[in-house]
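Shown next, in structure tokens, is the structure this report addresses.
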Amino acid sequence: MTFGLYDYVIVENFFTQSDFESILLHLPSSTVYVKDMGYYSHKRTKVKLGSEHPITRLIQDNVDRVNQLIGEKTKHYGEVEVRKYNKGDFIDWHRDYDHLNVNAKPNYFECVLTCTNTSDSKTEFKDECTGEINSVTTEPNQFVILCIQGVKHRVTPVTTGERIIIKFKLKKI
Ligand SMILES: [Fe+2]
């Protein structure tokens, strides 16, 4: 299987129960999130995790499982971020490759793990050929993988509740 440019995979219950509980246990306390000023039209807060953080280590321990899902050989790249969407927060339609060198962009994958979600926001994926939109309510321990220059996606504004996710990248090796 080859992972196509516009493919994306959504996996329920990606981490084992005990690993996922450990991830929830090690989430940063709500006081340390900072406003995220990024490239896109968005509003949210985030915390960057260090390379020795237990959550970063758990992610690195599971990269081979992601590789099996997408049929690629990759390794963890860059920082792991925890992002929190509160009331009014969102991220508009985007691809993630603007952060990276244009020549390098086919080699990266974006991964998102939902930690908690009491919000009414939807994660949406757009087929730019047909205009069709796949609208998903992300559940705890649900994992999404996509090519960073692939499918356009967004998170619709939260009007109630909050949503905490972990975001990281993988790079082809
Ligand atoms: Fe994204």
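The values are calculated or read from the model by the stated rules, or taken from the named source; none is laboratory data. Quick caveat: nothing in here was measured; it's all calculated off a predicted structure. Note that each Cβ is placed from the backbone with ideal geometry, even for glycine, and that neighbours are counted across all protein chains shown.
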* How about the range 156-172: which of its residues are farther than 20 Å from Lys48 by Cα and crowded, with 21+ Cβ neighbours inside 10 Å? -> Val158
* **Subset of the range 116-125 that is closer than 22 Å to Ile59 by Cα and surrounded by fewer than 21 Cβ atoms within 10 Å (Cβ to Cβ) - its residue that is farthest from the ligand (Cβ to nearest atom)** => Thr116
* To do: Quick one: Gly131 ticks every box in (1) small (Gly, Ala, Ser); (2) in contact with a Ser or Thr (Cβ under 7 Å, 6 or more places away or on another chain); (3) at positive phi except a single one, so which number is it?
  => (2)
* List pairs: first in the range 147-173 and free of Cβ contacts under 8 Å to residues at least 60 places away in the same chain, second assigned to a strand (DSSP E or B) and within 14 Å of the ligand (Cβ to nearest atom), Cβ under 8 Å, 6+ apart or cross-chain? -> Ile148/Tyr108; Ile148/Phe109; Ile148/Glu110; Ile148/Lys169; Lys152/Trp93; Lys152/His94; Lys152/Phe125; Lys152/Lys126
* Structure fact -> Taking the range 128-145 and keeping residues modelled with pLDDT of 95 or more and of a type in the set (D, E, K, R) leaves Glu132, Glu139
* **Count - residues of the range 68-92 that are touching an Asp or Glu at 6+ places or on another chain (Cβ under 8 Å) and basic (Lys, Arg)** => 3
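Could you please let me know if Phe3 is assigned to a loop (DSSP other than H, G, I, E, B), surrounded by 14 or more Cβ atoms within 10 Å (Cβ to Cβ) and modelled with pLDDT of 95 or more?
Numbers: assigned to a loop (DSSP other than H, G, I, E, B): yes; surrounded by 14 or more Cβ atoms within 10 Å (Cβ to Cβ): yes; modelled with pLDDT of 95 or more: no.
It is false that Phe3 is assigned to a loop (DSSP other than H, G, I, E, B), surrounded by 14 or more Cβ atoms within 10 Å (Cβ to Cβ) and modelled with pLDDT of 95 or more.
For the range 126-173, which strands (runs of 3 or more DSSP E) that fit wholly inside it have 1 or more residues that are within 16 Å of the ligand (Cβ to nearest atom) and under 22 Å from Gly88 (Cα atoms)? Show your work before the answer.
On the way: elements: 133-136, 143-147, 152-155, 163-172.
Because the criterion is at least 1 residues that are within 16 Å of the ligand (Cβ to nearest atom) and under 22 Å from Gly88 (Cα atoms), the strands (runs of 3 or more DSSP E) in the range 126-173 that meet it are 133-136, 152-155, 163-172.
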